Structures are given as structure tokens and as C-alpha cells.
């Protein structure tokens, strides 16, 4: 049993490392075929992500929403569902954050900010719950339905932002009315990193504690392991799965609200930046473990921050890092075929045999 645990932990670490290393090699080959130096591209990737204080601040700011959108994938996955609709939950969360002060008088200050973020989380939760309900009560595949619901959410977002909720002063870039200064989220400790990072880290820690230390979280993991066996022992599988979807959707909706209140100050097309889709990759690399999501999100936030440096120094498109993320996602999925076969038991540490006790 102990050797099996070592084996699982070793593979959980080795497979993502192999996949990311392969993605970097393929990215280097892609850069080389474009007539550029792959070694320079690799060095600029890490320099732009972690080279100095400015790079670190940019990286951490980009990592904050990735932590929350990754939870939108990880929490339903632990209940047995593959939900990839975090992008839709994020944009609706941002829309709710921007719309609430217009529809209802929200007092400025911490209480008002709390109301905005709660509305954002509620909007995201309801959207992902819809995919869970369709799966549990109508048998609709949650992966397809959540992806299609994302397109519906984006279309609904664009309709309102470019139509009824549009600020007349926004000419070239349709936006909602900007949030009052008292409803905006500031930065932490004088750095250019907003408080969304703290929300993301806290959400991952709370999710990890919930899954590992609570009976409800344990029941959710049992349902994710074998839903039929869970029902046979009397666990409310439908309720647990829908709750996991609600929590994941709330995390993605909260990411959208934070992006509006801390970065854009209004809802506009900049919110549709693929953060929900990037969260899918972060969750899969982290093996849907909430605590592992934190460093993985920081790594991929750093890759996103390095895109502008690749553009300035090498003339590569700013979206070149999307090619790297694409390679990583394909290889992460491919390495699942190696699970259970990558590390033989003979390579793992073995417990020394205990001497027999006389008279036992």
C-alpha cells in the first residue's frame, strides 16, 4: 500500500513535468522553423515571467484568474464530471459585477465590493449548475453542454454590453458604465498585484481543505470515483455533483467579477480573453488538485506575461505563447496513456523487511 502511494505521487509529479518539457521542446522547434533562435526564446520566456520584480508582478496578476477558472474544472472533476465551461461563467460573473450597480443602488466600500463579488459568484454558479442538472437529470454530456453554454454566455454578454447596457461614452470599444472608485478593488501592499491573487490562493486552500478534511468533500470524491457504488451506500450523488458544479462555477464567476472590479473597471470585450479555457489546462496539469493549481497557475501566468517580451525582442506575435499552451495541453492528454506504466515499482523505495520477533 505504501509503495502504491509512492508510485502515485511520483507519477503525479513526473507526468506533468514530462509534458511541459516536451511542450517547451516543441515550442523551440516551432520557433526554429520560423527562423529564430529557440534558446533565446526559452530564456526570454522565463526572463519575462520571473526575471525581475516587474515580471513577477505581471505574472502574479495573470495567475489570479487562472486559479479560479481552474477550480471550475477541478471541483466538478473530483465529482466525476468534466466541465470546460469556465469561460462562460467568467464572462457572466463579470457582467453581473458591472450590472449590479446600474440595476440596484450598491453602497461604496467593502460591503458594496462584497455584494458585487457575491453576485459574480452566484451568476457563475448558476451557469455551471445548469450543465450539471442537464447531465444528471437529462443525460446530456456535460463536456459538450458546458462548452456550448459558454458560447451562449458570450453571445448574451456581447448583446447586453453592445446594446442595452452600453455606456454612450464608449465609442471604439463598447463597454458598460465604469464602476465607481469606491467599488474598485485595489492592489496589495503597494505592488501592481490586485487582491484577486489573495482570493485565488484562498479559494484553492479552502477547496483543498473541503475535499480532504470534510465529510461532504470525502463523499464528493467517493461519488467521483464510482457514482453507482456511492448511490448503493446511500450517498446523494445528484446533490453532491450539482454542489461541486455550483462551487466550481462560483469560482469562475468570482474571477470575472475580480477582472471587472480590479483590472478593466467595466465589462467589455477584454473580458473574453480565454482565461476560462486556460484554466482547463491549469487544472489538468495540476491533476485537479486544488493546492497544485496555485504553482501551475503561476507558471502559466508567467508564460502569458512573457508574450510581450517575445514580441519586442524577437518579433514573434504576442499570441505565440498560445502555441506553447496548445502543445502543453495535447501532451498532458497524451501522457494519461502512460499512467500506471511510467514508473515501475522496482524503481521506487522499498521498506526494509522487519525482523521476526521471537515468541510471537
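Data for the structure
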{"item": "Candidates 269, 278, 244, 227, filtered to the one that is on the phi < 0 side of the Ramachandran plot and under 12 Å from the mean Cα position of the chain (by Cα)", "result": "278"}
{"item": "Region 23-38: number of residues that are without any contact (Cβ under 8 Å) to a residue 40 or more places away in the chain and either under 29 Å from the mean Cα position of the chain (by Cα) or surrounded by 15 or more Cβ atoms within 10 Å (Cβ to Cβ) (or both)", "result": "4"}
{"item": "Residue in region 88-102 that is buried (at least 21 other Cβ atoms within 10 Å of the Cβ), in contact (Cβ under 8 Å) with a residue 24 or more places away in the chain and not in a helix (DSSP H, G or I) present", "result": "no"}
{"item": "Single condition residue 45 does not satisfy, out of (1) more than 21 Å from residue 194 (Cα to Cα); (2) more than 17 Å from the chain's Cα centre (by Cα); (3) surrounded by fewer than 23 Cβ atoms within 10 Å (Cβ to Cβ)", "result": "(3)"}
{"item": "Matching residues, region 188-205, being within 22 Å of the chain's Cα centre (by Cα) and touching a residue at least 40 places away in the same chain (Cβ under 8 Å)", "result": "192, 193, 194, 195, 196, 197, 199, 200, 201, 203, 204, 205"}
{"item": "Those residues of region 154-180 which are without any contact (Cβ under 8 Å) to a residue 40 or more places away in the chain and either at positive phi or exposed (fewer than 14 other Cβ atoms within 10 Å of the Cβ) (or both), in sequence order", "result": "155, 159, 163, 164, 168, 169, 171, 172"}
{"item": "Out of 218, 157, sole residue that is farther than 23 Å from residue 293 by Cβ and under 23 Å from the mean Cα position of the chain (by Cα)", "result": "157"}
{"item": "Residue selected from region 108-153 under the condition in a loop (DSSP other than H, G, I, E, B) and touching a residue at least 12 places away in the same chain (Cβ under 8 Å), by the criterion surrounded by the most Cβ atoms within 10 Å (Cβ to Cβ)", "result": "108"}
{"item": "Residues located in region 154-187, provided they are in a loop (DSSP other than H, G, I, E, B), within 26 Å of residue 72 (Cβ to Cβ) and modelled with pLDDT under 90", "result": "186"}
{"item": "Near pairs, Cβ below 7 angstrom, 6+ apart or cross-chain, from region 210-230 (assigned to a helix (DSSP H, G or I)) to any residue that is surrounded by fewer than 20 Cβ atoms within 10 Å (Cβ to Cβ) and at pLDDT below 90", "result": "219/235; 222/235; 223/235"}
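The values are calculated or read from the model by the stated rules, or taken from the named source; none is laboratory data. In this text the structure is predicted, and so the values were computed from the model without any measurement. Quick reminder, even Gly has a Cβ in these numbers, built from the backbone with ideal geometry, and neighbours come from all protein chains shown.
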